[in-house]
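The structure appears below as structure tokens.
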Amino acid sequence: MDTTKKTIILFSGDFDRVMAAFIIANGAAAMGDDVTMFFTFWGLNILRRTEKVQTKDKKSTLQAMFGKMMPKGTRKLGLSKMNFAGMGAPMMKKVMKGAGAMTLEELVDSAREQGVRFIACTLSMDILGFKEEEMIDGLEYAGVAAYLGEADEANVNLLRTCHYPPAEALMEAADELGMFIECEAPFCWAPGSGNKDLVARETAEMVLTYRNHPSVLYWSLADESGWGADFIDSSQLVRQLNPT
């Protein structure tokens with residue numbers, strides 16, 4: 001295990017989450033670490049060229065729709081919470097500017113200048129219909145095996161299950177390799193109230209199924225959902241089922 005290697009999976013296209021990933025990447029690189037960022041699914045949007053590009057291969061109708069609906073580059077990203085119909089990100093940028101913080105664009109440039117490797121997931125690109133000519137220069141293209149090869153050598157790895165129940169094989173591998181897991185309940189875009197029994201049942205099943213895995217570092221109640229009575233109750237339930 002190489003204690004100077006760090007790997008980061010970026011699968012979100014939300015401004016705040018992308019900022020967090022690049023702040024960590026720059027910090028690790030500034031400390032002299034060898035940093036690899038693996039961009040998959042919505043995280044690939046950060047790497048897209050902003051201008052329209054004519055591709056050699058024809059896309060399916062759904063792939064063409066994906067390309068039109070999703071943001072290109074770093075300047076069109078919204079917030080994961082309190083986006084306020086698109087106003088959240090500009091407001092956050094104003095606050096950051098007032099605090100003298102680096103912009104996302106500056107963080108991306110800084111990461112590249114420090115030698116951070118950007119790897120675009122080829123499987124996600126195939127699913128979404130993204131082509132290499134649509135992406136910015138200087139990227140590496142590889143599948144999950146390439147990331148796992150880097151992760152095996154690194155000493156800090158955190159995976160979030162992203163509102164899908166993780167396979168037992170993943171959890172066992174994380175336990176064995178010393179990777180951390182943020183285990184997330186199977187809820188996305190939930191209103192936060194009105195589904196108390198369902199939320200409690202699924203959350204309890206998650207905790208009871210995975211709580212004996214030492215790799216679980218965090219429990220996540222939901223993805224991109226409203227905060228309300230359902231999740232207030234489920235947070236208390238998690239503490240009861242797993243008080244450690």
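None of the figures in this text is laboratory data; all of them are computed from the coordinates on show. Being a predicted model, the structure only gives us computed values, none of them experimental. All Cβ positions, glycine included, derive from the backbone under ideal geometry; neighbour counts span all protein chains shown.
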Point to revise | Cα-based convex hull, segment 100-144, per residue volume (Å³, whole number) | key: 94
Check your understanding: Hey, what number do you get for the chain at 222 nm if only DSSP H runs of n ≥ 4 count, each worth -39500 (n - 2.57), divided across all residues, to the nearest 500?
Key -> -12500 deg cm²/dmol
Exercise for review: Pairs to check: Lys94/Lys131; Lys52/Lys76; Lys5/Lys94; Lys5/Lys97; Lys93/Lys131. Give those whose C-alpha atoms are more than 23 Å from each other in this structure.
Suggested key: Lys94/Lys131; Lys5/Lys94; Lys5/Lys97; Lys93/Lys131
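Evaluate the Kirkwood expression for the hydrodynamic radius of segment 1-132, namely the inverse of the mean inverse distance over all pairs of different C-alpha atoms, and round to one decimal in Å. Could you put the intermediate results ahead of the total?
Working: mean 1/r = 0.0634 Å⁻¹.
By the Kirkwood definition, the hydrodynamic radius is 15.8 Å.
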Check your understanding: At Phe66 and Glu202, where each label point lies 7 Å from the Cα along Cα→Cβ, what is the point-to-point distance in nanometres?
Key -> 2.3
Review point. What percent does the relative contact order of segment 56-155 come to when contacts are Cα pairs within less than 8 Å and at least six residues apart?
Key: 28
Review point. Taking the chain on its own, what percent of its Cα-Cα pair distances exceed 30 Å?
Key: 33
**Study point:** In segment 147-194, chymotrypsin sites (Phe, Trp or Tyr not before Pro) in a DSSP loop with at most 10 other beta-carbon atoms within 10 Å
**Key:** Trp189
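Mind giving me the FRET efficiency for Tyr218 and Ala146? R0 is 35 Å, r the Cβ-Cβ distance, nearest 0.05 is fine.
Working: r = 26 Å, r/R0 = 0.74.
Given R0 = 35 Å and the Cβ-Cβ separation, E is 0.85.
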Exercise for review: Just grab the label-to-label distance for Leu139 and Ser235, each label 7 Å out from Cα along the Cβ direction, in nm (one decimal).
Suggested key: 3.6
Check your understanding: Over segment 1-56, what relative contact order in percent results from Cα pairs under 8 Å that are six or more residues apart?
Key -> 46
Point to revise | Projected label distance in nm at Lys81 and Lys131, using a 7 Å step from Cα toward the beta-carbon | key: 4.1
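Please go through segment 21-51 and write out the chymotrypsin sites (Phe, Trp or Tyr not before Pro) that DSSP classes as loop and that have at most 10 other C-beta atoms within 10 Å. Before the final figure, lay out each step's value.
Values: sites: Phe22, Phe38, Phe39, Phe41, Trp42; in loops: none.
In loop regions of segment 21-51 (DSSP not H, G, I, E or B), there are no sparsely surrounded chymotrypsin sites (Phe, Trp or Tyr not before Pro).
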**Study point:** Alpha-carbon centroid distance for the pair segment 52-80 / segment 87-158, whole angstrom
**Key:** 16
**Study point:** Sequence-separation-based contact order of segment 14-97, relative, with Cα cut under 8 Å and 6+ spacing, percent
**Key:** 37
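Using the Kirkwood radius over Cα pairs, work out the Stokes-Einstein diffusion coefficient for segment 156-244 at 4 °C and 1.567 mPa s, in µm²/s as a whole number.
Rounded, D is 99 µm²/s.
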